[in-house]
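This report concerns only the one structure given below.
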Protein chains: 2
Amino acid sequence: MADTIDNDEDGVWLYCSNSAIRRAARQLGQLYDDAMGDSGLKGTQFSLLSQIRLLGAPSLKTLANAMVMDLSALGHTLKPLLRDGLVELVPDEQDRRVKRVRLTPVGRAKQKEVATRWKEAQRRFDEVFGEDRSAELRRTLALISSPEFAKAFATTGSDPS
Amino acid sequence: MADTIDNDEDGVWLYCSNSAIRRAARQLGQLYDDAMGDSGLKGTQFSLLSQIRLLGAPSLKTLANAMVMDLSALGHTLKPLLRDGLVELVPDEQDRRVKRVRLTPVGRAKQKEVATRWKEAQRRFDEVFGEDRSAELRRTLALISSPEFAKAFATTGSDPS
DNA sequence: TCTAGATAGTGGCATATGCCAGTAAATCAA
DNA sequence: TTGATTTACTGGCATATGCCACTATCTAGA
């Protein structure tokens, strides 16, 4: 019982937006991953499959930009999905530097299958957090994720170049 | 130019709160890490140092709970900080299972030094996003990170046990 | 056309995070 | 007191992410 007092009242997350968002991301990741259960996919992987499905057959660069993810990070994250045959890389016809990602039939089926679980998780989130508030939060987060925001952040205050 | 059209309008992050928050976390992580510059610390590490400083000499369990982080994950994340002599583990007197983490003098100095950079990043965030809105966002994220939220999420809807 | 510079990916290395199995220590119960 | 159970960590394995260096292409300019 020693530590039970746990001065949880105070924490960096109350002052630091970066800490706050990472902390919440860990929690939510936990919750959604649990919801994915034994499907064999993590929340991140499901997001990736879904976004690929949405874009059709985007180049790695395009997908990375959409996910606000480093290109090489995307490459690494895709590895397990490639290994398991859920996605495949096809060289672009016009530009031979480019590789496009797309779902395999298996990947397409898997995405659809797991979507049911995801919907349930999202439903729970909306129910607990509030549907409108939930939508608003996603808009806010999308704003923070935008290149315009990054640019503004980088140039605000100093830097009169 | 092929891909320039980039149908950025649509994305899973508009529907999935988990995707949305992870995406924003990546962006913000990027921004804060850039701000940390050559300090040698990543945003995550600075958060950890700051939280340890705030709690004094918490047990790993206590710190993990506060950060909403898996105990073993915390252990791993602490490795580089231990290696670099910024933090140290001291066995608890009463309970020999427990180890407490605390900043070393070097760690304390480093935290203080980097805090300047962090403040600038936070200032930029507040300036671009809005100070009040920023504070409100942190409160919202803290709510999502709370054990009460997790419990509500886990029991909402079904599960009448 | 040939070369300098820009682009898209890949592979290696390092940190961030989580799960699971295993160990040591404390606690509870008979 | 002692055996069953719980608790706090550790170590191994796997995914998530990012940086940097390097390669293959493509593009623009001389």
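Read the figures in this text as sums done on the coordinates, not as results from a lab. The shown structure was predicted, so the numbers you read here are calculated from the model rather than taken from an experiment. Positions of Cβ are backbone-derived with ideal geometry, glycine not excepted, and every protein chain shown enters the neighbour counts.
Things to note:
- For segment B:97-161, the list of trypsin sites (Lys or Arg not before Pro) that fall in a loop by DSSP and count at most 14 other C-beta atoms within 10 angstrom reads B:Arg97.
- Once the Cα atoms are used to define both axes, helix B:17-36 deviates from the longest principal axis of chain B by about 60 degrees.
- Closest approach of any chain B Cβ to the axis that rotates B onto A belongs to B:Ala25, 2, distance given in whole Å.
- Across all Cα atoms of segment A:62-125, the radius of gyration (one decimal) and Dmax (whole number) stand at 14.1, 45 Å.
- In summary, the aspartates and glutamates within cross-link reach of B:Lys99, defined as a Cα separation below 16 angstrom excluding same-chain residues under 8 places away, comprise A:Asp3, A:Asp6, B:Asp70, B:Glu88.
- Farthest positive-ward along chain B dipole, Cα basis, beta-carbon charges - from B:Leu28, B:Leu86, B:Ser72: B:Leu86
- Across the identical copies, how the B:Glu9 labels are spaced - nm, sorted shortest first, 7 Å along Cα→Cβ: 5.1
- Positive-end residue, chain A charge dipole about Cα centroid, Cβ charges, pick of A:Ser134, A:Thr104, A:Thr62: A:Thr104
- Plainly put, the tip 7 Å out from Cα toward Cβ on A:Thr104 is 4.9 nm from that tip on each other copy, the closest given first.
- Magnitude of the charge dipole, chain A, Cβ model with Lys/Arg +1 and Asp/Glu -1, debye to 20: 1020 debye
- Between B:Ser146 and A:Arg83, the modelled labels are 4.0 nm apart [label points 7 Å from Cα along Cα→Cβ].
- Set of lysines with alpha-carbon distance to B:Lys110 below 21 Å, sequence-local pairs under 8 removed: B:Lys42, B:Lys79, B:Lys119
- Average partner coverage of B:42-51, which counts Cβ from other chains inside 10 Å: 4
- On Cα atoms only, tilt of B:43-55 relative to the major axis of chain B in degrees: 50 degrees
- Backbone amide hydrogens, once placed in the peptide plane, bring A:Arg102 within less than 5 Å of A:Glu88, A:Val90, excluding anything fewer than 5 places away on its chain.
- Distance cut-off 33 Å, percentage of C-alpha pairs in the protein assembly as shown lying past it: 32 percent
- Computed over the Cα atoms of chain A, pair by distinct pair, the Kirkwood hydrodynamic radius stands at 18.4 angstrom.
- Cα-centre dipole for segment A:42-136 with unit charges at Cβ (Lys and Arg positive, Asp and Glu negative), debye to 20: 420 debye
- Taking other C-beta atoms within 10 angstrom as a stand-in for reagent exposure, A:Thr62, B:Thr44, B:Thr116 fall in the order B:Thr116, B:Thr44, A:Thr62, fewest first.
- For the protein assembly as shown, the Cβ-based charge dipole about the Cα centre amounts to some 860 debye (Lys, Arg positive; Asp, Glu negative; other atoms uncharged).
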